[in-house]
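Chemist: Shown below is the structure under consideration.
The values are calculated or read from the model by the stated rules, or taken from the named source; none is laboratory data. Predicted model only: the values in this text are computed from it and were never measured. Counting neighbours? That spans all protein chains shown, and the Cβs are built from the backbone with ideal geometry, glycine included.
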Amino acid sequence: MSLSHPRVSVPTQRPAATLLQLREVGRRFMLGETPIDALHAIRFDIHAGEFLAVWGPSGSGKSTLMNLIGLIDAPTTGEIYFDGHCTGDLSDDELTAFRGKNIGFIFQGFNLMPVLSALENVMLPLHIRGVGGSEARTRAAAALQDVGLAKFVHSRPDKLSGGQRQRVAIARALVVEPRLVIADEPTANLDSHNSLMIIDMMREMNRARGVTFVFTTHDPRLLAHVDRKVLLQDGCIERDESTS
Amino acid sequence: MNTLTLALRGLTRNHRRSIVTLLAIAFGFAAISLFAGYTHNIYSGLARQSIHGELLGHLTLSKRGMSTAGKLDPQRYLLTLDEVARIEAALQHESQITLIAPRLAFSGLVTNGRASTIFIAEGISPQAMDRLQENMLTEQEARSGMYDRLAKKLDPARESGVALSAGLVELLHLHVGGEAILLVNTLSGQANAMDVTVDGSFNTGNAGTNDKFAFVPLALAQSLLDAEGRADRLTLLLEDVTQTEAIRDRLLAKLSAAGFDLEIATWQELSSFYRQVHGMFNMIFGFIFSIVLAVVLMSVANSVGMTVIERTREIGTLRAIGLKRSGVIRLFATETLLLTLLGCGVGFLLTVGVRYGINGSHIAYTPPNGANAVPLLVDMDYPRILLTMVLMLAVGMLAAFLPSFRSARQQIIDALGHV
């Protein structure tokens, strides 16, 4: 199914400012024979250009929610709309192509390819999208420059510090100019100095480029930097506060 | 950066495992290529031995039934002087035919005056004998000196000069230049004896015939059998051995149309030894090939399986950032393709090196039923080397498909959560 043909059983076109809508989204996992409900009928919207933090204790369902928002997992119940289009009926290939074009990912463990240089890691999403070698190289170099790693383009991940690796990951997420960046605990493996630097960098990208950022965190100090914070508790939204 | 680069980098991730797999492929490839080269050398050697050494030529023409009923009633099945002349005339414009040699086979007793033994002889003109033996040895074989005694020679100037097999000479305590007496039955059944001179001795290369065989000039054979101008068959040499079957069919049709009731046998049909050895080596080759392919299959499957497990998170990441399932399969397929190609490349170099070593070390062995030692030589059998590479690539891809397919089907969140 193409994204230009949204499902007809639900409202198809949402206001332009709303990037993502979750409607009664639930996610159940099976632990052997035992069902575990990680999320219960979540309903909330993410607006274009927001800098949003999802926070809460361990096991509250933050990562599950991020996976659903990032379209790398499918809800057991409910629907997710991206830019007004229902994502539920997309085939795996369509969803993958959609992610590649619209969503960037920053992982807690950086998830960089150890055999590739920083530049090549950043070129990877462009290569997957079929961008030619020289253009990909130019864009990746520019993305690395934006995160302050111009001098490290040829360094492999094992030669970089944790903060530098996460900056490479940010460059990789942003190089395809996505509309949404998902960051699941992007600072969990970093010290406080690097954590703040990464959050500041993400914030700067959000302001400068209008890219929507959604990230999870345990660190309450980082919440001071966000527009909006959503508290998740036992798979439900406990509180949804705008701070700006 | 493209898939090829990515795949190449992937191979360096666990270089020790990649090298072990590559070496398994390389050694397997080299083993198959060397054995293929050895059998190729055996086949071509046997072919040359049959065509030129045993003087079978490429095609043998005889009257229909000569090879069966003709053994008991040769008078009826021998070609006459007129028939030989007419056949030669019919074939004289065939540009592919380089030699037509009338032959007359017979048997009898040979004696030194004190002891006698049986012999099997071929009557053939000395000139035809020389022509048939051209190209019997390769340069390398000629250089080895091991085949020197295989050459048979009749002196065209000596009507009663014969060549006897080395075993026959030894058995009767004869010597080159000495005298012997041949005793045979003529076509009409009368006993006929003739003094001959031993002009030379030769090794048949076969223990079963080395104490029985003799070559005599055709005229002498005809005289002994009282079969003036007659021949039991015509041996043809062709320009191109690969055309043997096609030319046989064409000649058969042409001679049938000219009113001859002939049968034409190819050298392969006449040389049962060649067919048996060919069949046996093909069987052994297939067996070795299957074992090596199975080893390669398991080695590549194990390597890709381990790689896929190790790189589960990486695959999850690639899938998250937009790589389709087919892309994951393509990535691992490319890695396997590269690994197999590199393995075959290293295997080819190993083949060249080991072949050089074997051929240069002058190893000799006596084959089963052989009368003399032969050098162990390995050829480069390029068609089978190419076939081996293609099959190894196919087997490698097959081995890689299942683990990479399973990996591509994995849920992204499971892959990302893999520890």
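Chemist: Tell me, please, whether a residue that is surrounded by 22 or more Cβ atoms within 10 Å (Cβ to Cβ) and either within 14 Å of chain B (Cβ to nearest Cβ) or in contact with a Lys or Arg (Cβ under 9 Å, 6 or more places away or on another chain) (or both) can be found in segment A:147-156.
Modeler: yes
Chemist: Give the number of residues within segment A:176-213 that are in a strand (DSSP E or B) and within 16 Å of A:GLN166 (Cα to Cα).
Modeler: Number of matching residues: 4.
Chemist: Specify which of the listed residues (A:ARG228, A:ARG221, A:ARG209) is within 19 Å of A:LEU20 (Cβ to Cβ) and at pLDDT below 90.
Modeler: Details: A:ARG228 fails: at pLDDT below 90; A:ARG221 fails: within 19 Å of A:LEU20 (Cβ to Cβ).
Being within 19 Å of A:LEU20 (Cβ to Cβ) and at pLDDT below 90 holds for just one of A:ARG228, A:ARG221, A:ARG209, which is A:ARG209.
Chemist: Just one of (1) surrounded by fewer than 19 Cβ atoms within 10 Å (Cβ to Cβ); (2) more than 14 Å from chain A (Cβ to nearest Cβ); (3) within 30 Å of A:MET113 (Cα to Cα) trips up B:THR21, so point out which.
Modeler: Of the numbered conditions (1) surrounded by fewer than 19 Cβ atoms within 10 Å (Cβ to Cβ); (2) more than 14 Å from chain A (Cβ to nearest Cβ); (3) within 30 Å of A:MET113 (Cα to Cα), the odd one out for B:THR21 is (1).
Chemist: Every residue in segment B:299-336 that is more than 7 Å from every other protein chain (Cβ to nearest Cβ) and among the polar types (S, T, N, Q), please.
Modeler: B:SER299, B:ASN302, B:SER303, B:THR307, B:THR312, B:SER326, B:THR334, B:THR336
Chemist: Quick one: how many residues across segment B:199-219 are among the hydrophobic types (A, V, I, L, M, F, W, C), buried (at least 20 other Cβ atoms within 10 Å of the Cβ) and at pLDDT 90 or above? Walk me through it before giving the result.
Modeler: Going residue by residue through segment B:199-219, those that are among the hydrophobic types (A, V, I, L, M, F, W, C) are B:202, B:207, B:213-216, B:218-219.
Those left that are additionally buried (at least 20 other Cβ atoms within 10 Å of the Cβ): B:202, B:213-216, B:218.
Narrowing the set further to residues that are at pLDDT 90 or above leaves B:213-216, B:218.
So the answer is 5.
Chemist: Which of the residues that make up segment B:132-183 are farther than 30 Å from B:ILE363 by Cβ and in contact with a helix residue (DSSP H, G or I) (Cβ under 8 Å, 6 or more places away or on another chain)?
Modeler: The answer is B:LEU154, B:ASP155, B:PRO156, B:GLU159, B:SER160, B:VAL162, B:LEU174, B:HIS175, B:VAL176, B:LEU182.
Chemist: Restricting attention to segment B:23-64, report how many residues are of a type in the set (Ser, Thr, Tyr) and not in a helix (DSSP H, G or I).
Modeler: The number of residues fulfilling the criteria is 2.
Chemist: Could you please give the count of residues in segment A:79-117 that are among the acidic types (Asp, Glu), at the interface with another protein chain (Cβ under 10 Å from one of its Cβ atoms) and touching a residue at least 60 places away in the same chain (Cβ under 8 Å)?
Modeler: Final tally of qualifying residues: 1.
Chemist: To continue, here is another question. With respect to A:PRO75, is the statement that it is surrounded by 21 or more Cβ atoms within 10 Å (Cβ to Cβ) and more than 10 Å from chain B (Cβ to nearest Cβ) true?
Modeler: Values: surrounded by 21 or more Cβ atoms within 10 Å (Cβ to Cβ): yes; more than 10 Å from chain B (Cβ to nearest Cβ): yes.
Yes.
Chemist: Looking at this structure, is A:VAL131 within 13 Å of chain B (Cβ to nearest Cβ), of a type in the set (A, V, I, L, M, F, W, C) and touching a residue at least 24 places away in the same chain (Cβ under 8 Å)? Outline the logic, then answer.
Modeler: On the way: within 13 Å of chain B (Cβ to nearest Cβ): yes; of a type in the set (A, V, I, L, M, F, W, C): yes; touching a residue at least 24 places away in the same chain (Cβ under 8 Å): no.
No: the conditions fail for A:VAL131.
Chemist: So, A:THR216, is that one under 19 Å from A:PHE105 (Cβ atoms) and not in a loop (DSSP other than H, G, I, E, B) or not?
Modeler: Taking the combined requirement at face value, the residue satisfies it.
Chemist: Can you find even one residue in segment B:254-267 that is among the aromatic types (Phe, Trp, Tyr), part of a strand (DSSP E or B) and crowded, with 16+ Cβ neighbours inside 10 Å?
Modeler: No.
Chemist: Let me ask something additional. Out of all the residues in segment B:292-302, is one or more under 33 Å from the mean Cα position of the chain (by Cα), of a type in the set (A, V, I, L, M), assigned to a strand (DSSP E or B) and at pLDDT 90 or above?
Modeler: no
Chemist: Do any residues in segment A:216-243 that are at positive phi have Cβ atoms under 7 Å from those of residues that are crowded, with 19+ Cβ neighbours inside 10 Å and assigned to a strand (DSSP E or B), where the two are at least six apart or on different chains, and which pairs are they?
Modeler: Listed pairs, sorted by first residue: A:GLY235/A:ALA38; A:GLY235/A:LEU39.
Chemist: Something else about it: For segment B:388-419, what are the residues that are under 41 Å from the mean Cα position of the chain (by Cα) and of a type in the set (S, T, N, Q)?
Modeler: Within segment B:388-419, B:THR388 is the sole residue that qualifies.
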